[in-house]
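Student: Sharing a structure below in structure tokens format, with a few things to ask.
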Amino acid sequence: MKTLRRHSISGVARQRSRHDDRPGISPVDIAEHNSRTTLRLLRRHGALTRQELSRELGLTEPAITGIVRRLGLAGLVTERKRSTTAHYTAAEFGLRAEARYSLGVRIGKLNGDVALVDFAGEVVGQEAFATRDDLIAALADLRRTAGPSKLVGCGIATSPDTFLARQELETVLAGESEALFFLDDTEAAIEAERALGIGDPEGGMVMILTDYTVRAGLLIGGRVFRGIHGRAGQIGEMRSGIDGASLNDVATLPSLEAGSADEDSWLATAARHLHEAVLAVSGFIAPGAILLGGALPNNVLDAVVERMSQERDDKIRDLVIAPWIQQIRRATFPWAGVALGAALRPLDAMALPDTRA
């Protein structure tokens, strides 16, 4: 199991709990933070023992016992004996996948998809849609699968040019019992990577998505950076290269379709411009991981990643610049991660037991 940084709340500034209006970090804050982090660890790594949780959280085993007991009483965690050849068998704790469900919706320029995700982060149902009525029908189908008592919320990930505006989406979902969470599609993709993909790399993460535009999500210091006006990461109009073309001109689905007669030329151009954008962004935040995802066909996405990696190696060898910039990698969930990450947001926010009990 990969060792992570310690996650206990000691020394960490956090948002105040809604249950407690006293100044400073309260026992409720501490309990909520440690419970939430425990659930994230179990979702990412599977069942863990008290000793393993103690090591990851930086807490004593008695403290871990209190956390897993509370989560067990809430019906979120189960306990079983770990299979081993040794005489001593440790108890391990895992998530009850059927304890809670959440919906995740991706809304794009022309279409979208809805995912129903269980508490362990597994997609148990998914439907595509291209119209408002299709979305309503898909949500109804997946709600029936989950059952109303276990559905905790719906995350909605939008792109800059979504074909359904937020106001219309709120109208579509009006009257439903689940809580709504709106987020950018790049942020949702980062949520999926942190929870079920590469994790939370030292130095942060850049997530680049491309479909009809190019945009980037920036994870810095464990938080998604949105900028003062919420437009951080809108890199599609960035111009580079001797041709001065923008990323939206040369590294999107429309540009791929327009250049389909000479795909190799399109790959070279898209990779070069994307890599120059990566150089510009990485020069400021020095991320620990740079990922590429989006709606490009899988074989094209792999080819772009390979070309971008070659661009990086050539520049390091020939120009001796920025040798610390990470290799560009394909996202764990290139496109499906948007709906998945949107669904994970309500699970994190709504599934905790009441720590005042």
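Student: Those residues that are under 23 Å from the mean Cα position of the chain (by Cα) and either at pLDDT below 95 or hydroxyl-bearing (S, T, Y) (or both), I need them from the range 237-252; list them, please.
Tutor: T252
Student: Looking for something within 15 Å of the chain's Cα centre (by Cα) and either modelled with pLDDT of 95 or more or assigned to a loop (DSSP other than H, G, I, E, B) (or both) - is there at least one such residue anywhere in the range 122-138?
Tutor: Scanning the range 122-138, I find at least one residue that is within 15 Å of the chain's Cα centre (by Cα) and either modelled with pLDDT of 95 or more or assigned to a loop (DSSP other than H, G, I, E, B) (or both), so the answer is yes.
Student: Follow-up. Can you go through G24, G75 and tell me which one is at pLDDT below 90, surrounded by fewer than 21 Cβ atoms within 10 Å (Cβ to Cβ) and over 28 Å from A336 (Cα atoms)?
Tutor: Working: G75 fails: at pLDDT below 90.
Result: G24 is the single residue among G24, G75 that is at pLDDT below 90, surrounded by fewer than 21 Cβ atoms within 10 Å (Cβ to Cβ) and over 28 Å from A336 (Cα atoms).
Student: Taking the range 201-223 as the region of interest, how many residues are buried (at least 22 other Cβ atoms within 10 Å of the Cβ) and basic (K, R)?
Tutor: The total comes to 1.
Student: Taking the range 132-166 on its own, how many of its residues are free of Cβ contacts under 8 Å to residues at least 60 places away in the same chain and either surrounded by 17 or more Cβ atoms within 10 Å (Cβ to Cβ) or β-branched (V, I, T) (or both)?
Tutor: Residues flagged as free of Cβ contacts under 8 Å to residues at least 60 places away in the same chain and either surrounded by 17 or more Cβ atoms within 10 Å (Cβ to Cβ) or β-branched (V, I, T) (or both) within the range 132-166 amount to 13.
Student: Taking into account only those residues within the range 167-188 that are without any contact (Cβ under 8 Å) to a residue 40 or more places away in the chain and either among the aliphatic types (A, V, I, L, M) or in contact with a Gly (Cβ under 6 Å, 6 or more places away or on another chain) (or both), which is nearest to A216 (Cα to Cα)?
Tutor: L180
Student: Are any of the residues in the range 280-292 assigned to a helix (DSSP H, G or I) and modelled with pLDDT of 90 or more?
Tutor: So far as the range 280-292 goes, no, none of its residues is assigned to a helix (DSSP H, G or I) and modelled with pLDDT of 90 or more.
Student: Might you check whether a residue that is among the polar types (S, T, N, Q) and touching a helix residue (DSSP H, G or I) at 6+ places or on another chain (Cβ under 6 Å) occurs anywhere in the range 164-179?
Tutor: no
Student: Looking at (1) touching a strand residue (DSSP E or B) at 6+ places or on another chain (Cβ under 9 Å); (2) surrounded by fewer than 22 Cβ atoms within 10 Å (Cβ to Cβ); (3) not in a helix (DSSP H, G or I), which one does E276 not meet, given that it meets all the others?
Tutor: (3)
Student: Applying the selection to the range 85-131, what residues are more than 22 Å from L71 (Cα to Cα), exposed (fewer than 14 other Cβ atoms within 10 Å of the Cβ) and either of a type in the set (G, A, S) or touching a residue at least 24 places away in the same chain (Cβ under 8 Å) (or both)?
Tutor: Matches in the range 85-131: A86, L110, A128, A130.
Here's the yes/no breakdown for (1) assigned to a loop (DSSP other than H, G, I, E, B); (2) assigned by TED's automatic domain parsing to the domain that holds N298:
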site: G153; (1), (2): no, no
site: A157; (1), (2): no, no
site: F163; (1), (2): yes, no
site: E168; (1), (2): no, no
site: G175; (1), (2): yes, no
site: L183; (1), (2): no, no
site: G203; (1), (2): yes, yes
site: M207; (1), (2): no, yes
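Student: Restricting to the range 36-95, name every residue that is in contact with a Ser or Thr (Cβ under 7 Å, 6 or more places away or on another chain) and of a type in the set (S, T, N, Q).
Tutor: S54, T60
The values are calculated or read from the model by the stated rules, or taken from the named source; none is laboratory data. None of these values were measured; they are calculated from a predicted model. Here Cβ is always computed from backbone atoms with ideal geometry, including for glycine, and neighbour counts include all displayed protein chains.
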